[in-house]
Amino acid sequence: DGAHSDGIAGVAQHIAHISDMDCFRMNCATVRDPEEWFGQRSARAGTTYFEKSTFIQKVEAGNCVIILDEFNRMEPWVGNSLYPMMDDDAATTIMNEVVKVGPNVIFFATVNLGFEYSGTFSMDAAMSNRFNFFVEVGEYDQAVESAIVAKRFPNIKSVRTISQIVETARAIRRLKLIGCTLRTIIQVAEAVDAGMSVRKAWQHVFVYRCPQDGATNVRKEVIDVINARCGTL
């Protein structure tokens, strides 16, 4: 079903919190050129200089958990410039200036894997070997998902409504036709919190993004599941 990148990021943030470390989350999907990792050229008093990015400032300062978020949504060659910092050298050179990884820096990378995640790239061995551990975050327990909805949306006071939202998502997952993540549950709950019925919320948040062509009419299958648990429109 693919790993939930938000789950891994949450683990990283928790580790930073309990370890009294700084935490910096870098959106890798926005990086289009290797130089963007490090900063940008600027001019001042008739001369040019290299202004370091927040990412590099955090890396050099140390005592920080660095989250490389959506790591496989950037083209692989863009990440090549990170290799020297993530191997035994823990340093690289940019604009004739040595950049060193500070003390007590932990790198996390989140990726979404699975057939439903288009626009992603595979990680080659050179990069994956730079991470010591891999964790797959699967489906949360129903009780956990329900508790998250209840905490995020205290105005939804009906336990039955929360159960409808969560149980519908879990039934859609069992189809194994399309991803339905915790983020989707939160989006549906947000629509319900704004005044929509659970059935309408699922229709407008999720149904219209489901394909209805190909060998399997995914949209029809999803609608059948929603109708069975939330009623028809």
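The values are calculated or read from the model by the stated rules, or taken from the named source; none is laboratory data. This structure is a prediction, so every number in the text was calculated from the model and none was measured. Positions of Cβ are generated from backbone atoms using ideal geometry, with glycine treated the same way; all protein chains shown enter the neighbour counts. We work out accessible area using only protein heavy atoms, side chains counted, and drop any ligands, DNA or RNA first. Shrake-Rupley method; radii C 1.70, N 1.55, O 1.52, S 1.80 Å.
Brief remarks follow.
- Here r is the Cβ-Cβ distance between T47 and N104 and R0 is 30 Å; the resulting FRET efficiency, rounded to 0.05, is 0.30.
- Surface calculation, 1.4 Å probe, protein heavy atoms: E139 sits at approximately 100 Å² accessible.
- Taken over the alpha carbons of segment 7-52 as equal point scatterers, the Debye sum produces base-10 log I(q)/I(0) values at 0.29 Å⁻¹ of -0.98.
- Rounded Å value of the spacing that divides the Cα centres of segment 125-201 and segment 77-96: 37
- Alpha-carbon spread of segment 124-233, three principal axes, descending order, Å: 51, 39, 20
- Each 10 Å bin from zero up to the one holding the largest Cα-Cα distance in segment 18-123 carries the following percent of pairs: 13, 44, 30, 11, 1, 0.
- Magnitude of the charge dipole for segment 12-163, about its Cα centre and with charges confined to Cβ atoms of Lys, Arg (+1) and Asp, Glu (-1), is about 660 debye.
- Net length gained if the chain between A61 and N80 were fully extended (0.36 nm per residue, minus Cα distance): 4.6 nm
- Across all C-alpha atoms in the chain, the radius of gyration and Dmax reach 21.6, 70 Å.
- The spread of Cα positions in segment 181-233, taken along each principal axis and listed from longest to shortest, comes to 36, 22, 14 Å.
- Virtual paramagnetic centre 7 Å along Cα→Cβ of R170, amide N under 17 Å, in segment 183-224: 183-186, 189
- Per-residue SASA entry for Y49, accessible area with 1.4 Å probe, Å² rounded to 10: 70
- Considering only the chain, percent of DSSP beta bridges that pair antiparallel, nearest 5: 50
- What the chain shows is 56 Å² of accessible area per residue, with the surface traced by a 1.4 Å probe over protein heavy atoms.
- Modelled FRET efficiency - R0 35 Å, M95 with Y208, Cβ distances, 0.05 increments: 0.15
- Whole-Å distance, taken between Cα centres, linking segment 17-33 and segment 210-233: 37
- Helical content alone sets the calculated 222 nm signal of the chain at -11500 deg cm²/dmol, taking -39,500 (n - 2.57) per DSSP H segment of four or more residues and averaging over every residue.
- Given K200/K220; K151/K176; K176/K220; K157/K220, the pairs whose alpha carbons are separated by over 25 Å: K151/K176; K157/K220
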